[in-house]
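Okay, so here's the structure we're looking at.
The values are calculated or read from the model by the stated rules, or taken from the named source; none is laboratory data. Treat the numbers as computed from the prediction; the structure is a model and nothing was measured. Don't worry about glycine lacking a Cβ; one is built from the backbone with ideal geometry, like all the others, and counts go over all protein chains shown. Note: accessible area is taken over every heavy atom of the protein model, side chains too, but ligands, DNA and RNA are not part of it. Shrake-Rupley method; radii C 1.70, N 1.55, O 1.52, S 1.80 Å.
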Amino acid sequence: MKSVEYKVAKISDYFVYNPSKTAQKMFLYPLVCGLFTYEPGYKLMRSSYDSFLLMYIQNGTMILNCGDKPQTVGKNSFVLLDCYKPHGYSTETGYECLWLHFDGVLARDYYEAIVSQLGNVFSMQDPFAVCRKLSAILKIFLDNKTVRELLLSKYITDILTELLLFNPDKSLGKGYADMAEQVITYINEHSSEDISVERLAEMSGLSPYYFIRVFKKETGYTPHEYLINRRMASARYLLKCTALSIKEICFNTGFSSESVFCNAFKKQHNMTPQAYRESGSLGEKISL
């Protein structure tokens, strides 16, 4: 559809999509997408528009209002907004923008993770992968192709994943997310061994205190919590899938004694290892 908005060039295209109930329950989905040429003097202020908005400024300059003070955003920049909150944007010079309003399962989690790392405005050395998927979503509607909601969800997930993987500060070398992934890999491979925080911190090149803070920020767990959860995951598998004794499982998963293992298991799962082995399910949700 051609835009009829004031101060948006008539050549601008946009498409509105109404997701199915299945998509709303299971997927990420587009709500509105477009390629707009904004003319000088354009201005928009909204108290809310229930969605998240990703914009890529192809040319020109826009002024963004989503915080304490206006922010100028130039060519080749991305903007990611929580449109459930008050926001606005305008331009004095005009600009061209490829944009997508989206929502769905995990949309807020993706938004918060990306913004915590990149902020609401950011640039990428190579924006091609993100722009290609944004354009692909727009092209589906532009060409009147059959809408496959699972494919649309994949495109949006690919876009958000690409943003999560982007490390804006190359001077730091590998980011903390990479460090956490390396530590997790090490823990998974050596979980039955005696692993100290000092050893993990040394691997990461950080002090133990700072390493614990960074690891928890990246994973949601302290290193000790992650290690215990990893050992518990192995114990649950062995309890359900082998005939090993509780004592054998204890030492196979890295616990120092059978009593320590049983106490830790009961504390986390509200039942003993033997009760779990004999049960159909756990009494509480398990996460790792």
Which listed residue is part of a helix (DSSP H, G or I) and of a type in the set (Phe, Trp, Tyr), from 221, 237: 237
Just to be sure before I move on: is residue 45 without any contact (Cβ under 8 Å) to a residue 60 or more places away in the chain, open to solvent by less than 40 Å² (accessible area, probe 1.4 Å) and among the aliphatic types (A, V, I, L, M) in the structure I sent? no
Against the definition (within 28 Å of residue 167 (Cα to Cα) and assigned to a helix (DSSP H, G or I)), how does residue 200 come out, yes or no? yes
Would a scan of the stretch 49-58 turn up a residue that is assigned to a strand (DSSP E or B), touching a residue at least 24 places away in the same chain (Cβ under 8 Å) and among the hydroxyl-bearing types (Ser, Thr, Tyr)? yes
Taking residue 191 as meeting all but one of (1) closer than 30 Å to residue 100 by Cβ; (2) of a type in the set (Gly, Ala, Ser); (3) in contact (Cβ under 8 Å) with a residue 24 or more places away in the chain, write down the number of the exception. (1)
Confirm whether residue 192 is surrounded by 14 or more Cβ atoms within 10 Å (Cβ to Cβ) and at pLDDT below 95. yes
Count of the stretch 1-16 residues which are of a type in the set (Phe, Trp, Tyr) and outside any loop (DSSP other than H, G, I, E, B): 2
Output the residues belonging to the stretch 241-268 that are touching a Lys or Arg at 6+ places or on another chain (Cβ under 7 Å) and surrounded by fewer than 19 Cβ atoms within 10 Å (Cβ to Cβ). 258
